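Taken together, the values in this text are just the output of simple stated rules run on the coordinates, not laboratory data. Keep in mind that what you see is a predicted model, and the values were worked out from it rather than measured. Here the Cβ positions follow ideal geometry from the backbone for every residue, glycine too, while neighbour counts run over all protein chains shown.
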Amino acid sequence: MTLTQSLLLIAALIATSAFFSLAEICLAASRRLRLRQMADDGDARAEKVLALQEQPGHYFTVVQIGLNAVAILGGVVGEGAFSPYFTDVYGNWLSPELAQRAAFLTSFVIIISIFLIFADLFPKRLGMNEPERLAMRLVGPMQLLITTFKPLVWLFTRGTDLLFKLLGMPTQREETITSADILAMTEAGLRAGVLAEREQQVIANVFELDTRPVSTVMTSRDRVVWFDKGDPETMLRARIIAEPYSAYPVCDGDIDHVLGYVDAKDMFQRVLSGQPLSFDQGLPLNKALVIPDRISLTEVLEQFRQAHEDFAIVVNEYSLVVGVITLNDVMSTVMGDLVPPWEDEQQIVRRDENSWLIDGVTPIQDVQRALDIDEMPHTDQYETLAGFLMYMLRRVPRRTDSAIWAGFKFEVLDVDSHRIDQVMVTREAAARPPESSAAG
């Protein structure tokens, strides 16, 4: 065989190997969601690719047969094509035996390099760029090869399936899509500029609803503004002016005996129409939706939907009122700063680059997000920043008490009747190992 014939045969083998490499990476990298969209649009080739992804055994068997056969032939042809010429060249300086060995090594390196670049790296990188489009173009020839080599394919596939069964491994790819997969895609979209940062955060917040309990968002018991059924009109007016909200619980004597709630819109309408603000003179009292304090925000939304309500009383296992929650509270969690809070003060105020002033009842997830802390210790033991400090200090904190975690110092600034009002968080000059300290 002449050098020209050998080079043409090597080129053909490289093209064949590149075809199989491209077919392999395209099927593996093709996104099922994208293929499903194409199939729904009427592309029959996308359906074929999806079917091969469901049962890829025969497909990859043909690929491996082709790749290994070409690799063996390429080595034989390449060594025979180049070795004689390199032997003559090296023979001018080396002994015949050393020249033959050097020529073989040189031919081997050249053939490996050519096949690695043109038959492996280049086609695989090309396939990663547009895997779905290329997979649909190659599915026809690959199905023809699967039919042609069916006896060999059957033999090798059965042997591989037997090995999988012996090892107790699944023979089909798991296609379950989790929330983590979707969040990873949104983060990739953020980096690629497809999604804005705020849009990506809204999507992440939606998935967080299923893990956040209602107690992390509700207005806590000590902050609930409620009316007694016997309050005079002057007191109701004064309380509305001082603390305006969309709805107010109405109780009988104390907050744990809730009779219902009154909507602020109904009160405003009565004021504008000159009617008295009194529960015994026609001020409408709505039946309150009561929910447990251990359900998630997703379940809260479902109960709001079923009851056609946007206000609920939150109780604990002892039927004591622990807070109230509104639809606006839940939506504020999803939309972040797109939905303004009813309160005048924010729970997290950034003072400068390295310090924050945070309310003690702030949900610990919001604190983590604001400080960019990946992990907090034993988050199943508490829900708020105040709970974190109690866990770290192992007692009820006092003013000037502090705890250190993940390079941040959490210092108690104000305590009101054992309730932590304000916490100063400062970034330490250098990150320290997790530890806690107490003073005072």
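Once label points are set 7 Å from the Cα along Cα→Cβ at both Q281 and D210, what is their separation, rounded to one decimal in nm?
It is 5.2 nm.
What are the ³J(HN,Hα) couplings of region 288-295, residue after residue, when phi is run through the Karplus curve with 6.51, -1.76, 1.60 and θ = phi - 60°? Round to Hz, x for glycine and proline.
8, 7, 10, 10, x, 8, 10, 7
Between region 379-394 and region 239-277, what is the C-alpha centre distance in whole Å?
Their Cα centres are 35 Å away from one another.
For a quick check: sort I373, I404 by the number of other beta carbons within 10 angstrom, fewest at the front.
With the fewest neighbours first, I373, I404 line up as I373, I404.
Using only alpha carbon pairs under 8 Å that are at least six residues apart, calculate the relative contact order of region 348-437 and give it in whole percent.
Here the relative contact order equals 29 percent.
Against the longest alpha carbon principal axis of the chain, how many degrees, from 0 to 90 and to the nearest 10, is the axis of helix 44-54 turned?
Tilt relative to the chain: about 90 degrees.
For region 112-211, what class follows from the C-alpha gyration tensor (a ≥ b ≥ c being the square roots of its eigenvalues): rounded when a/c is under 1.5, otherwise prolate if a/b is larger than b/c, else oblate?
oblate
Can you order the peptides 101-113, 378-390, 355-367, 266-278 by their average number of other Cβ atoms within 10 Å per residue, highest first?
Put in order of decreasing packing, that is 355-367, 378-390, 101-113, 266-278.
Any idea what diffusion coefficient the chain gets from Stokes-Einstein, in µm²/s, Kirkwood Rh on alpha carbon pairs, 4 °C, 1.567 mPa s?
Answer from the Stokes-Einstein relation: 45 µm²/s.
From zero up to wherever the largest Cα-Cα distance of region 1-159 sits, split into 10 Å bins and tell me the percent of pairs in each.
11, 31, 27, 17, 10, 4, 1
Over the Cα atoms of region 348-437, each weighted equally, I'd like the Debye log10 I(q)/I(0) at q = 0.17 Å⁻¹, rounded to two decimals.
-0.62
Mind sorting L98, L195 by how few other Cβ atoms lie within 10 Å of their own Cβ, fewest first?
The fewest-first ordering by Cβ neighbours comes to L98, L195.
In terms of modelled amide H atoms, which long-range or inter-chain residues lie less than 5 Å from the amide H of W405?
Excluding prolines and chain starts, which carry no amide H, the hits are F410.
Cross-link candidates for K124: which lysines have Cα within less than 26 Å, leaving aside residues fewer than 8 places away along the same chain?
Once the sequence-local lysines are set aside, what remains near K124 is K48, K150.
Angle check, please: helix 179-192 long axis (alpha carbons) against the longest principal axis of the chain (alpha carbons), in degrees 0 to 90, nearest 10.
Around 80 degrees separate the two axes.
For L195, what residues show an amide H to amide H distance below 5 Å, using hydrogens built from the backbone and excluding near sequence neighbours?
L190
Fewest Cβ neighbours within 10 Å first, please rank D310, D416, D421 accordingly.
D416, D421, D310
What value, in deg cm²/dmol to 500, does the helix sum -39500 (n - 2.57) over DSSP H runs of n ≥ 4 give at 222 nm once divided by the residues of the chain?
Estimated from H runs of four or more residues: -17000 deg cm²/dmol.
Can you give the relative contact order of the chain as a percent, counting alpha carbon pairs under 8 Å and 6+ residues apart?
Rounded, it is 10 percent for the chain.
Can you give the angle from 0 to 90° between the axis of helix 57-90 and the longest principal axis of the chain, with both taken from C-alpha atoms, to the nearest 10?
The helix 57-90 is inclined about 50 degrees to the chain.
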